[in-house]
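The structure under discussion appears below in the form of structure tokens.
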Amino acid sequence: MVSILWLVICGYYSRMCSLCDFKHSAWQSRRGFLLAAGAAATAACTSPSPSQAQVDVGGASSLRNLVPAEELESASGKEYTKLLADAKAKGQLAPSGSPQLQRLRQIAARLVPQAAQWNERSRQWRWDVNLISSKEINAFCMPGGKIAFYTGILDKLRLTDDEVAMIMGHEMAHALREHARSRIAKSKGTGTLLSLGSQMLGLGQLGDVAATIGTQLLTLRFSREDETDADLVGLELAARGGYNPQAAVSLWQKMAQAGASAGGPNFLSTHPSGPARIEKLQANVAKVQGLYEQARR
């Protein structure tokens with residue numbers, strides 16, 4: 001199952017070639033952030049439980065239980081390592097001393113401790129944040145807490161820390177609410193894959209099905225409900241971390257402006273902006289304003 005899910009994740013998140021895993025030096029460059037995030041998460045475990053969520057998004061889809069979380073997270077971690085290795089080989093992976101990367105990791109260190117109230121499993125995740133040099137306007141968080149930003153989204157949109165926190169919170173929310181896991185379970189192709197697997201078909205046939213799924217997931221977009229869910233959960237995560245919730249509105253206004261230009265950002269192909277999205281966020285700012293003010297004290 002792990003190999004099949006790995007193919008699914010490869011198709012969804014990456015067009016990258018298969019390269020070797022990171023060497024010990026690459027691990028050392030990220031060790032500082034991982035230790036800091038781990039310590040923050042431990043502190044969250046020993047502190048009183050977070051107050052009830054202020055935004056209303058309901059429960060996560062039960063269909064996600066059709067796909068084992070551990071296997072999906074493991075496959076995501078392997079694909080993330082491959083993606084970073086490819087970026088490093090091309091000289092595109094930011095070193096640990098990069099001011100932009102340090103900025104991202106400082107923001108993540110304030111958001112990660114807020115994650116467990118949305119997904120208890122996240123206490124076990126090995127959160128990681130990296131920066132890839134690319135003109136592409138993009139960012140993501142894979143299942144298991146593997147975060148990457150592209151320099152294009154920081155530079156072209158001239159994002160403030162508050163706006164970066166809104167993007168990071170949004171992407172973390174997709175992982176915390178297990179939207180990819182649910183979408184895989186809901187897809188017709190995955191249903192076929194699971195059915196074939198249960199019939200103990202030969203490896204060749206399973207490989208053909210997995211390849212088809214990978215092709216489908218290259219163009220998979222989260223549903224409108226998933227996007228709204230991630231917007232609101234991300235908004236609250238950022239507010240609890242001490243980032244101004246009004247930045248969610250200014251962020252998507254910037255996204256809308258960027259999308260209006262010729263050849264708009266790739267980010268908007270899977271995260272469409274528009275008045276309805278901005279209005280929904282604006283309507284929820286007041287719900288988390290108190291959390292922001294409390295975090296800033």
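Looking only at the stretch 234-257, how many residues end up being touching a helix residue (DSSP H, G or I) at 6+ places or on another chain (Cβ under 8 Å), over 20 Å from ARG296 (Cβ atoms) and either free of Cβ contacts under 8 Å to residues at least 60 places away in the same chain or not basic (Lys, Arg) (or both)? Give the steps one after another, and end with the answer.
Kept after step one, since they are touching a helix residue (DSSP H, G or I) at 6+ places or on another chain (Cβ under 8 Å), are these residues of the stretch 234-257: 234-256.
Going one step further and asking which of them are over 20 Å from ARG296 (Cβ atoms), we end up with 252-256.
Of the ones still in play, those that are also either free of Cβ contacts under 8 Å to residues at least 60 places away in the same chain or not basic (Lys, Arg) (or both) are 252-253, 255-256.
The number of residues fulfilling the criteria is 4.
Looking only at residues that are buried (at least 22 other Cβ atoms within 10 Å of the Cβ), touching a residue at least 24 places away in the same chain (Cβ under 8 Å) and more than 12 Å from the chain's Cα centre (by Cα) in the stretch 147-164, which one is nearest to TRP125 (Cα to Cα)?
VAL164
Of all residues in the stretch 140-181, which are part of a strand (DSSP E or B), modelled with pLDDT of 95 or more and over 17 Å from SER98 (Cα atoms)?
Those that are part of a strand (DSSP E or B), modelled with pLDDT of 95 or more and over 17 Å from SER98 (Cα atoms): none in the stretch 140-181.
Out of everything in the stretch 112-139 that is touching a Lys or Arg at 6+ places or on another chain (Cβ under 8 Å) and either among the β-branched types (Val, Ile, Thr) or assigned to a helix (DSSP H, G or I) (or both), what residue ends up being nearest to GLU71 (Cα to Cα)?
Checking each candidate, the answer is VAL129.
Pairs only if they're at least six apart or on different chains, beta carbon under 8 angstrom, first in the stretch 181-192 and crowded, with 19+ Cβ neighbours inside 10 Å, second of a type in the set (D, E, K, R) and at pLDDT 70 or above; list them, first residue then second.
SER182/ASP226; ARG183/ASP226
The values are calculated or read from the model by the stated rules, or taken from the named source; none is laboratory data. Owing to the predicted nature of the structure, the values given are computational and were not obtained by experimental measurement. In this analysis, Cβ positions are derived from the backbone assuming ideal geometry, glycine residues included, and neighbour counts consider all displayed protein chains.
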